[in-house]
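In what follows, a structure is listed as structure tokens, so that the remarks can point back to it.
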There are 2 protein chains.
Amino acid sequence: MSELFLRHKPFLEKALDACEKRYAWTAYKESPSSKIHGKEIPAAAKKAFDEMLGKPLHMDLPGEHGRVGEEISPFTEEPLGVTYPRVDIDATFAAAREAQQRWRRLSVEDRVGVCLEMLDRLGQPAALFLNAHATVHTAGQSFIMAFAGCGANALDRGLEALAYAYKAMTDVPGEADWERRFGAAPEIHLRKRFRLVPRGTAVVVTCATFPQWNGYPAIMANLATGNPVVIKPHPKTTLPVALFVRTMREVLVENGMDPNLVTMVADKRDDPVTIELLHHPDTAIIDFTGGPKFGRWIEENCPNALVYTETAGCNSVVIESTDNFQGMCDAVAHSLCQASAQMCTSVQNIFVPRDGIDTERGHVSFDEVCDTLKGSVDNIIGNAGLAAFLCGTLVDEGIYKSIDAMTAKANSRGRIIRESGRYAHPDYAGARTATPLMLAVEASDKELYGQEHFGPISFVIACDDAEHGLARATEDVREHGAITSHVYSSDDGFLERAEDAYHSAGASLSCNLIGMPINFAAAYSDFHVTGLNPAGNACLSDLAFVANRFRIVQTRFPASTAP
Amino acid sequence: MSELFLRHKPFLEKALDACEKRYAWTAYKESPSSKIHGKEIPAAAKKAFDEMLGKPLHMDLPGEHGRVGEEISPFTEEPLGVTYPRVDIDATFAAAREAQQRWRRLSVEDRVGVCLEMLDRLGQPAALFLNAHATVHTAGQSFIMAFAGCGANALDRGLEALAYAYKAMTDVPGEADWERRFGAAPEIHLRKRFRLVPRGTAVVVTCATFPQWNGYPAIMANLATGNPVVIKPHPKTTLPVALFVRTMREVLVENGMDPNLVTMVADKRDDPVTIELLHHPDTAIIDFTGGPKFGRWIEENCPNALVYTETAGCNSVVIESTDNFQGMCDAVAHSLCQASAQMCTSVQNIFVPRDGIDTERGHVSFDEVCDTLKGSVDNIIGNAGLAAFLCGTLVDEGIYKSIDAMTAKANSRGRIIRESGRYAHPDYAGARTATPLMLAVEASDKELYGQEHFGPISFVIACDDAEHGLARATEDVREHGAITSHVYSSDDGFLERAEDAYHSAGASLSCNLIGMPINFAAAYSDFHVTGLNPAGNACLSDLAFVANRFRIVQTRFPASTAP
């Protein structure tokens, strides 16, 4: 297996270098274009996906006793009909424990080699296309988004975490010589051996919208450091998880390893098993991605395990001024539309001075800002192909209710800038689509905007001035968390104050991003989630994400007798 | 201040190298010999110490309202009469928060430079001598032990933690350039800035026996990463803590920093404030050294903070065979005597096969092992100077009761190998001394030996064979924890099985240590505490000890406008 390590080592080395210098790099193919992949592979993947529907997916998991599966495609509103093993939890943990016995004793290079092979396998075109179809019809993303965001971008985050795990583990030497005198006694010469010991079994809870993006790094970080992984997928988005679990298990078997190093416990929404997994006596590590309420509960109620969370927050934009008014509005509108604002990096609260802002066109009123933002959104939604590509669908039909409820509230408070509606998907007539609901409210209407609204609901918030907006936005960071924050200003002094205010609130900041998808967080470059505010306690990826997943034990011998 | 960094940089670099290769090194003077220090400095330190007694110690802490101080010298049984500020807790945290504002914004080099200067100052001969006197008359150690173990050895652990903190922080670059294309749009070129942000205020709880040994590393790890430190000393051992706090504050002031980055909250045994400190809303980090029961409580009940603990366990010796019988007995006896077995590395449970062991002298019976161990202890105790140097005194008069209670129990179960008594201290007639109580028990007498007995109480445990002893010893590791474990065997196969058994139980192991103080744990070389068993969750020092004490925030700008 060190053969695997040697084969993939250049990728690992490049990832380590990219993490160190934090430039743009990807190890995988982001584009599904037939210019790159030809037509056969995509067609075969589509056929493979279609053939999976309506059937049990065989995974050969330990402790199977029955089947579960309740996914509905947000594009067709039809059940996928795929079922997954329903497994006995104790049997799963027992199998993980058993599988760990050999895995933990492998060299760092051997374990990392197998992990690199898993990523490489998942990054092969056939796997990327199949993964994209499965993600489309569960998470509800557009195909291109599912291909890149849940393919290459997620694999890159996995490789990044693996690189950090490798770095942390190789910081510990395998052995050492130690010589000293104690008083007048003869010199002592000891040989020391250091061994890395994994914590134990890790439970990785993936979310409905982007299960791979946090799943891959958590799995890589755990496996590389020797910990078996029990994955708990969201009942709405199980298929892509089951597929990557299957691939990982295949790679393990092909390399003579126990496949139960990676298992999956599927459940039903009305019969969840998550807490049972989290509190299982074998659970030593928890990686959670999902809602902030449950994330906080886990942080406070699982002292049995190391807990790493990424949840969500009130992502904000503070607009002070701009020298590219249309570009700014287009950039913000992109975030309001992308993945129907179901990304952890989607913005929700847009603070704009009540008296308007200075732009390259001169002064622009608050209402003009609202109108231009609306226009930018309308431009996207009005182009059926672009809307379908950018917005995809809603992962949860419950979001319609949130949109309706907020629309109703806005009739008494604030003003509707843009009503939400469905856009007609060019390929799927019944697709569960929703266009952005945009409200204009006052800074005092905190009960409306002062919490996360999951889905395409946003607020343009009239504040006294930009400083006031900054104060309100950063207060929300402290209270509700934030994963991304944006400021637009052509005043260097304001940018500096904004940076300081957001950093002091424990949030990262993007300034004047225009001409790119502002939701984008780049593996190897962007530290994703600060861990300093309620939107999560862990970062993808830093040394803290990996360094405590293993521990160090040592043996001391007299050097003369050390074997 | 980077001047401080430059001045001390060679030490930091040497420490980084020593941590990487884990050889023996010390940055400070371990010996109090007048050959090194002359006579003036020691005499002046003694005078300074004597002049402190019976007086208030002025520390200029924020929020002072009254005085506390109840220390009694274990050597003279007289109160020291030194009083410390009693401080308002909210005022202390407010001052720490205020002090952090500037400190957190300093460069890594600036902060580390100040920390290096603190260690250097505490490592000056005058400070080492004063620290030793203060430690002698609180923790009850012999002078030479207090000088080395609570001086150089503790400072080395501090420098080691500082080196790890530096390594973890410098793993994050200050800035980066990032360029990529999204689809057909023009290339995006971003500049990124990364800033390290401390967690918040750290509460460091030091223990009665060795407050510097865990205190220095915790303080260095916190300060270097930008977190102010509130120290809660044990009411029995406050003076050495107060002295190093005073020195650290002086260094801060001399370098233009706010002294309230390091504060101290002294309390009384019958009016403790620890829990109030741990649960203070500002508390973001907790470093605890002390008893396992309270340590466990903290681990389970302080989700408000990152928690690092070092407590204690049932340290064991498994004797299978030896080719140096007397040397082995002398080595174990040294541990039973050193610091009256009040060290976290003192051994307590000595497993010996009921049928005896093979040695270079031939087969030796269980009773002969007991007798020879007793003889080795008697040899130490019989030499008044050596007893005083090695055993010191009891930090807590309550240990006499434990000894009496165990002696009484042994009259019905097991057999007394060696009764505890007082040895006559050559310099202090009334010194609170106790010689080792040694009991011979059966492996089935777990109620006697299967828990930590703090102080000079040990058990020679008759087991069916060495494998049985190994099984029992590692079971105790899992249940009660262990900080050191020893095995003596001339059988390579047994050593291998022992290594595997202890490592699997989450404990480090020393094999056949003879001719050295086996309690010794070396900074830069020995990973102290594995974090895998109940004796603590943190290690001195590894990346996990430091990497989560700070977080990373970032700012992204278009490169063209980045300031």
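The values are calculated or read from the model by the stated rules, or taken from the named source; none is laboratory data. Computed from a predicted structure; not experimentally measured. Cβ sites come from the backbone with ideal geometry, for glycine too, and all protein chains shown count toward neighbours.
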Every residue in the stretch A:173-193 that is more than 7 Å from every other protein chain (Cβ to nearest Cβ) and crowded, with 17+ Cβ neighbours inside 10 Å, please. A:Leu190, A:Arg191, A:Arg193
Of the candidates B:Ile552, B:Ile518, the one satisfying the condition of being more than 7 Å from chain A (Cβ to nearest Cβ) and β-branched (Val, Ile, Thr) is B:Ile518
Close pairs from the stretch A:193-212: first of a type in the set (D, E, K, R), partner modelled with pLDDT of 95 or more and in a loop (DSSP other than H, G, I, E, B), Cβ under 6 Å, at least 6 apart: A:Arg199/A:Asn227; A:Arg199/A:Arg549
Being crowded, with 22+ Cβ neighbours inside 10 Å and either within 12 Å of chain A (Cβ to nearest Cβ) or on the phi > 0 side of the Ramachandran plot (or both) is the requirement here; does B:Lys167 meet it? no
Count, please, the residues in the stretch B:1-18 that happen to be closer than 27 Å to A:Val172 by Cα and either surrounded by 15 or more Cβ atoms within 10 Å (Cβ to Cβ) or in contact with a Cys (Cβ under 6 Å, 6 or more places away or on another chain) (or both). 9
Hey, among A:Pro303, A:Pro272, which residue is over 23 Å from A:Leu470 (Cα atoms), over 18 Å from the mean Cα position of the chain (by Cα) and modelled with pLDDT under 95? A:Pro303
Out of all the residues in the stretch A:186-213, which are over 23 Å from the mean Cα position of the chain (by Cα), assigned to a strand (DSSP E or B) and either among the hydrophobic types (A, V, I, L, M, F, W, C) or modelled with pLDDT under 95 (or both)? A:Ile188, A:Leu190, A:Phe194, A:Leu196, A:Val197
Count of residues meeting criterion [among the basic types (Lys, Arg) and buried (at least 18 other Cβ atoms within 10 Å of the Cβ)] in the stretch B:35-72: 0
Run down B:Gly200, B:Gly215 and say which single residue is within 26 Å of B:Leu106 (Cβ to Cβ) and more than 14 Å from every other protein chain (Cβ to nearest Cβ). B:Gly215
Note on the stretch B:1-47: residues of a type in the set (Val, Ile, Thr) and either over 21 Å from B:Ala127 (Cβ atoms) or assigned to a helix (DSSP H, G or I) (or both) are B:Ile36, B:Ile41
Which of (1) at positive phi; (2) of a type outside the set (S, T, N, Q); (3) assigned to a loop (DSSP other than H, G, I, E, B); (4) in contact with a strand residue (DSSP E or B) (Cβ under 9 Å, 6 or more places away or on another chain) does A:Gly66 not meet, given it meets every other one? (3)
Kindly indicate which of B:Gly455, B:Gly430, B:Gly421 is farther than 30 Å from A:Arg193 by Cβ, without any contact (Cβ under 8 Å) to a residue 24 or more places away in the chain and within 29 Å of the chain's Cα centre (by Cα). B:Gly421
Taking into account only those residues within the stretch A:523-549 that are over 30 Å from B:Thr530 (Cβ atoms) and more than 7 Å from chain B (Cβ to nearest Cβ), which is surrounded by the most Cβ atoms within 10 Å (Cβ to Cβ)? A:Ala523
